[in-house]
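Notes to accompany the following structure.
The values are calculated or read from the model by the stated rules, or taken from the named source; none is laboratory data. Keep in mind that this is a model prediction, so the values were computed, not measured. Cβ placement follows ideal geometry from the backbone for every residue including glycine, while neighbour counts extend to all protein chains displayed.
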Amino acid sequence: MHHATGRKHPLIPFLCIAFVGVRALSDAEPLDPVAEEAVRSAVAERERAIVEKDRDLFMSLLAPGDEEFLLEQSRWFDYRLSAALADFSLRVEAAESSVPGELRATLRQSYLIGHERERRDVRYIEVYRQVDGAWKDADLAFDRIETAHFSVRSAIPPGEAAAELASRLARSEKAAQDAESAWAVVARSWGSESVGRATVKLFVDRELLRQNSKITIGRLFNGWGEPGESIKLYLRPEASRSYVSVIAHELMHKTTLSNARNQCSWFAEGLANHYGSFAAMGGSYLDGGFHKAADYDRSISWLESRDPELIDNDEEWWIYGGMAGTVLRFIEESWGKEAPHALLRALAAMSQPEAGYVYALHDALYASQLHEAYQRELGVDAAEFDRLWRVWIQGKKK
């Protein structure tokens, strides 16, 4: 997404800052060859589960205890099932001990995806933990920062030099500070009683971010958030980069999707932009002149017809997100500030899905449920809602 320069927000003081997991190789426990072989076998079983689409085997290989991680992996497998994969390979390149009962394995994952057989290739460090005598996958190797409202986890890349480590930790701390600013933005714009504590996972590799979020998306992206999961972000190389807007956006996704998972794509994006990104920026794309009202003079059905995973043009993506956020502003101005909350509560009262969201499978149903919510909470049907929107946006033209 395009992010304009917005006003700054005061930081909430940290309760504590602590980096956890930084360990010199010379301090590591001696590598147990029996444990190493057991981890290699566990990795081979994971590869088999993915290739054979065996969900039960896949989930049995995960360490218990971290419910967010388990949900993320379960949804990852949903996306894997909806994708055409070929030549999938998962290999252990190296292993080292970290703390007693844990090993870190450097893995290389590669495969072809889709009908065009696009090559995906990524290397990362995974933690394996001994649980009741078996070695289980316990998520990526992270350095951690704890703040008042966030657990910030920075993925450790393979082969990181000392200078790269220092830079990554400094940028991670900056992201942690920005996360607290983002929390303040969302608490103010949406309501502090709705915003809880969250985990943020940072990735220096955008491909690894995609692999840990949603592999079916054709483009690389900067952030991801789903109900019950951590917020995942690309940790940019420039030290001065602000993450306030993107974290506010993903925090809104996490907050609202935790209440109602049956949000059609444009409504979810509109909430995250209007109350997250735009609130952090101090104004929308329309306010800042990035877009004109004429750019958004389109029917709501145009938004509903867009599969966000298939938008590979930046200009269209910005129009899509900018218009979605502006429709939320229209709702506020037309029916009052409580109206978006009422729509979300109406959606939450309907049946809630368990599987990870796939546009082709879910969006038409979720859009129809939003139409029901219009009728119930706003007193208009979808056609009248669209008509009023077009009158409103045409009135913004200069």
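With the checklist (1) under 22 Å from ALA239 (Cβ atoms); (2) at pLDDT below 95 in hand, flag the one item ALA175 doesn't pass. Only one criterion is unmet by ALA175, namely (2).
The set of residues in the range 189-234 being surrounded by 21 or more Cβ atoms within 10 Å (Cβ to Cβ), part of a helix (DSSP H, G or I) and under 12 Å from the mean Cα position of the chain (by Cα) consists of LEU209, ARG210. Here VAL99 meets each of (1) within 16 Å of ALA141 (Cα to Cα); (2) touching an Asp or Glu at 6+ places or on another chain (Cβ under 6 Å) with one exception, condition (2).
Beta carbons closer than 9 Å, at least 6 apart along the sequence or on distinct chains, pair a first residue in the range 56-74 that is farther than 15 Å from ALA355 by Cα with a second that is of a type in the set (Lys, Arg) and surrounded by fewer than 17 Cβ atoms within 10 Å (Cβ to Cβ) for LEU57/ARG48. When the range 347-363 is filtered for residues that are of a type outside the set (Ser, Thr, Tyr) and within 14 Å of ALA268 (Cα to Cα), the ones remaining, listed by number, are LEU347, ALA348, VAL358, HIS362, ASP363. Tally time: how many residues in the range 131-158 are under 15 Å from ALA105 (Cα atoms) and in a strand (DSSP E or B)? Residues in the range 131-158 being under 15 Å from ALA105 (Cα atoms) and in a strand (DSSP E or B): 8 in total.
Exactly one residue out of GLY133, GLY114 is of a type outside the set (A, V, I, L, M), out of contact with any Pro (no Cβ under 8 Å at 6 or more places or on another chain), within 21 Å of ASP32 (Cβ to Cβ) and at pLDDT below 95: that is GLY133.
Residues that are exposed (fewer than 13 other Cβ atoms within 10 Å of the Cβ) and among the small types (Gly, Ala, Ser) are absent from the range 321-331 altogether. Report yes if some residue within the range 108-130 is assigned to a strand (DSSP E or B), in contact (Cβ under 8 Å) with a residue 40 or more places away in the chain, surrounded by 18 or more Cβ atoms within 10 Å (Cβ to Cβ) and aromatic (Phe, Trp, Tyr); otherwise report no. Within the range 108-130 (the criterion being assigned to a strand (DSSP E or B), in contact (Cβ under 8 Å) with a residue 40 or more places away in the chain, surrounded by 18 or more Cβ atoms within 10 Å (Cβ to Cβ) and aromatic (Phe, Trp, Tyr)), the answer is yes, since at least one residue qualifies.
The residue of the range 290-317 that is nearest to the chain's Cα centre (by Cα), among those that are at pLDDT 95 or above and among the hydrophobic types (A, V, I, L, M, F, W, C), is LEU303. The condition (being at pLDDT 95 or above and polar (S, T, N, Q)) is satisfied by just one residue among THR216, THR256, THR199: THR199.
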